[in-house]
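**Q** Have a look at this one.
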Amino acid sequence: VWTEGRLVETSNEDQTIHQILGLENEKRPIFLYLVSSDSKQGATSKKIEGTVMKDERVCIGAKFFVLVRLPWTRVDDRLQKAFGKKKLKKDIPTLAVFHRKGTCAGAIHQKHSPSKIYGLMKRVIKKDFKGVTLEATVKKLQKMLNEIDKVDSERKTLATAGKKKKLTSAAKKEIEQKRALLAKKEEKLTKDEAELWEGIFKKLDDSKRA
C-alpha cells in the first residue's frame, strides 16, 4: 500500500530520507516513487503502475519496505541531497530504494523493469535484514500462493458439485467434509505466512541499523 509522501520542515540541516518524509520512527527501508507531472511521461507512469509494480516478485519484495509515492512538484533540495551521488533527472518518473540508515541504494530513471527493481530490493534487504534473502522469501511465498490457488480451485469444484440435483446424503456429507478440510488448510497457510513475516521483521528489530 502506497503512502502519499509529504516533506517535513525541521531546523536540522543534516536529515535522512526518513526524517525528510516524516518517517523517522519507521524501521523499514524506503521505496520511493517520484511521480512525474509531465503529460509526456504518461506511458512510462502507466508501465510502472500497471506492469512493473504488479510483478509477483516485486510485490513480495515491496512488503519489506515503506512504500512512498511523491509528486515531483514536491521535490526540494533536501530530497535531492538524500540521493547523494545518484542525481535526479527532473520530472522523470523515478523509482528509488533507500537503506534503513538513509543512504540511497539506487534509482531508476529510465527503462523501468521488474528485474531492475527486484535487483535493487535484493541489495537493500541483504544488508538491512540480518540473515534474510529476498530470493528465499519469494520462493517460500510463491509456494504458499500456489497452495492457496489450489484451495480456491478445489473449493470451486466442490461448489459446482454441490449444485447437482438429487445428491445423496452421503455425497452431501462428503462435500461438507472436503470443505472443512479446505478451510483448515487455508487457515494453516494464512498462519504460516503471518509467522514468516513475523520472523522476518523480528530479525529486522534484532539487527543493527545498516
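The values are calculated or read from the model by the stated rules, or taken from the named source; none is laboratory data. Since we're looking at a predicted model, the values are computed, not measured. So basically every Cβ, Gly included, is an ideal-geometry build from the backbone, and we count neighbours across all protein chains shown. What goes into the accessible areas is simple: the full protein's heavy atoms, side chains included, and nothing from ligands, DNA or RNA. Shrake-Rupley method; radii C 1.70, N 1.55, O 1.52, S 1.80 Å.
**Q** Tell me yes or no: at least one residue of the stretch 32-54 is at pLDDT 90 or above, within 26 Å of Val138 (Cα to Cα), open to solvent by 40 Å² or more (accessible area, probe 1.4 Å) and in a loop (DSSP other than H, G, I, E, B).
**A** no
**Q** With Arg123, Arg100 as the choices, which residue is among the charged types (D, E, K, R) and surrounded by fewer than 17 Cβ atoms within 10 Å (Cβ to Cβ)?
**A** Arg123
**Q** Okay, next question. Consider the stretch 1-31. How many of its residues are open to solvent by 80 Å² or more (accessible area, probe 1.4 Å) and outside any loop (DSSP other than H, G, I, E, B)?
**A** 1
**Q** For the stretch 55-84, which residues satisfy the criterion of being part of a helix (DSSP H, G or I), in contact (Cβ under 8 Å) with a residue 12 or more places away in the chain and out of contact with any Cys (no Cβ under 8 Å at 6 or more places or on another chain)?
**A** Glu56, Arg57, Val58, Ile60, Gly61, Ala62, Trp72, Thr73, Arg74, Arg78, Leu79
**Q** Would you check which residues across the stretch 129-143 are outside any loop (DSSP other than H, G, I, E, B) and either at pLDDT below 90 or loosely packed, with under 15 Cβ neighbours inside 10 Å (or both) and list them?
**A** Glu135, Ala136, Lys139, Lys140, Gln142, Lys143
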